[in-house]
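The values are calculated or read from the model by the stated rules, or taken from the named source; none is laboratory data. Keep in mind that what you see is a predicted model, and the values were worked out from it rather than measured. Please note: Cβ atoms are built from the backbone with ideal geometry, for glycine as well, and neighbour counts cover all protein chains shown. Quick note on the areas: whole protein, heavy atoms, side chains included, nothing else; ligands and nucleic acids left out. Shrake-Rupley method; radii C 1.70, N 1.55, O 1.52, S 1.80 Å.
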Amino acid sequence: MKQFRWILILGAAAVLLTVIFLIVDRRAEQKEKIAHIGDGKQLIDIDPDDVTRMSIDNGDDHLVFDWNSSTGEWELAEGDNFTVNIYAVNAVCTYFCMLQTQKTVAFDCKDTSVYGFDDPVTLKIYTESKGADHPYTLLVGDSTPTYDAFYAMTDESNDVYTIDYESGLVFCSDKDLLKNQYLFDTTVSQVSYFKVERGGKTVAEISKEGASGLWEMKYPVDYEVNRVKIEDLMSVIVRTTVSAFVEDHPSDLKQYGLDNPHTKVWLRGTSGSKQMNLELWFGNDVEGSTSDHEMYAYIADSEQVFTITAAAAGFASVETAELLLNYCHSVLMNELKSVEVTLSGFYDLHETLTLDTENKQYALDDIDIDALHSEEVSTLFENHFRAISYLPFTDLALDDKPDPEAEPTASIVYTYLDGKKVTLEFVPKSDTEFYLFKDGKYTGLLTRLNQFTKPSCIIPTYEALQEGIRQAA
């Protein structure tokens, strides 16, 4: 009987100890849970592929961006007109979709203004799954006093959290940070039009919007362009960036020297399937700029004043001659049947070069070059031809009006394999400079006398060829 009593006592003690242990353990768990109730957590978790729209309200601006799935880019749907920095907008979206808190600093906060929520940055993300009426909403307040975090809330409660400082900076991006810093953000091959005007006068207008798809000079001269130099120019343009945005929709352009800009530039092109048009104006120098000499500029269609370094804006200083092929006439030896050269006044020369490049048969007047069996003479002949075909122009005189009936002091007649002829005539402008006519029409180009006389030019190579022939005969 005593043994049974002891068993009952021991069993009751065991039950009591178990109950006590459970109570203590539950209290410990509750304390642990309370201790960690404010720990960081996943605040927002969205599939970025589900996002269709994002809006940003930062007090000064209301901006709405739509995701274009066909182009894979963000597009501005509401707000001031500007070219979007798709990477900056995408960063805002990405940080939003995977946002975690560092800790909860206030539960069901009654006065959120102390954290900066009386004037917060408000971001909303719209998704395919939740629809246009149920966005995810994030409010971003002030940074913490130690500048290591930002305060944040959602529209689902009055709890106040801290988020990492980098995320807060991204969410607080102002409009200027969301603008594309590149003036004409596309590839070189997609630029199709360039025009520059200085002092109200068109300096150059080039385009590759014609049937050939190649760059051509539209104004001021109908002449073959240097496509390599143009491609280099376009390469500079598509890499040009803004130094800083200054003002949108300015009421006073005069303060920037943009009421009467000294230079204007027009650009056209595409970015993928999107058409691009840009009109730029250039104004005063920025007062106080030193090593990085800066000037004010203006994007006309979106009415944005910005600054740009003089070096970056170098494309606006281009001259017509820089865009032209620097030859009086561009031609290859294998395109021709013959070349006739006549010089008078400054040198007595009349010659005809007969060409058969397919069989490498050359003649100077009635002299068969190949019959001389001299590699040196053949080389001298080719050098002389290059001097003729590479004869450069040296300047432009677009406003001059030389007499088309004036007697030329030099001429070059190119006869092509198909019988077509191109005639260059050089009419004296002065004792050392000639107007260039092509097929009887003034080209607007000038050539100096020294382009005929200096080493490796027509006269010295002609004399070297004559001497080579005499020695080989």
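Annotations
- Restricting the range 134-157 to residues that are acidic (Asp, Glu) and over 38 Å from the mean Cα position of the chain (by Cα), the residue that is nearest to Cys172 (Cα to Cα): Asp155
- Test: residue in the range 316-324 that is under 24 Å from His249 (Cα atoms) and not β-branched (Val, Ile, Thr): yes
- Among the residues making up the range 224-247, those that are charged (D, E, K, R) and closer than 17 Å to Ser317 by Cα are Lys229, Glu231, Asp232, Arg239.
- Filtered residues of the range 208-231 (kept if free of Cβ contacts under 8 Å to residues at least 40 places away in the same chain, surrounded by 13 or more Cβ atoms within 10 Å (Cβ to Cβ) and not basic (Lys, Arg)): Trp215, Glu216, Tyr219
- 3 or more residues closer than 23 Å to Leu324 by Cα and open to solvent by 40 Å² or more (accessible area, probe 1.4 Å): qualifying strands (runs of 3 or more DSSP E) within the range 365-473: 421-428, 441-448
- Only residues that are touching a residue at least 40 places away in the same chain (Cβ under 8 Å) and over 43 Å from the mean Cα position of the chain (by Cα) were counted in the range 427-452, giving 1.
- Test: residue in the range 337-359 that is over 30 Å from Ser430 (Cβ atoms), in contact with a Lys or Arg (Cβ under 8 Å, 6 or more places away or on another chain), assigned to a strand (DSSP E or B) and hydrophobic (A, V, I, L, M, F, W, C): yes
- Condition check for Ile44: within 29 Å of the chain's Cα centre (by Cα) and touching a residue at least 40 places away in the same chain (Cβ under 8 Å): no
- Counting only strands (runs of 3 or more DSSP E) wholly contained in the range 99-197, the ones carrying 2 or more residues that are open to solvent by 20 Å² or more (accessible area, probe 1.4 Å), over 30 Å from Trp215 (Cα atoms) and in contact (Cβ under 8 Å) with a residue 24 or more places away in the chain occupy 103-106, 121-127, 131-143.
- Within the range 339-352, being of a type outside the set (Gly, Ala, Ser) and either open to solvent by 50 Å² or more (accessible area, probe 1.4 Å) or within 47 Å of the chain's Cα centre (by Cα) (or both) holds for Val339, Glu340, Val341, Phe346, Tyr347, Asp348, His350.
- Scanning the range 243-290 for residues that are of a type in the set (A, V, I, L, M) and open to solvent by 50 Å² or more (accessible area, probe 1.4 Å) yields a single hit, Val246.
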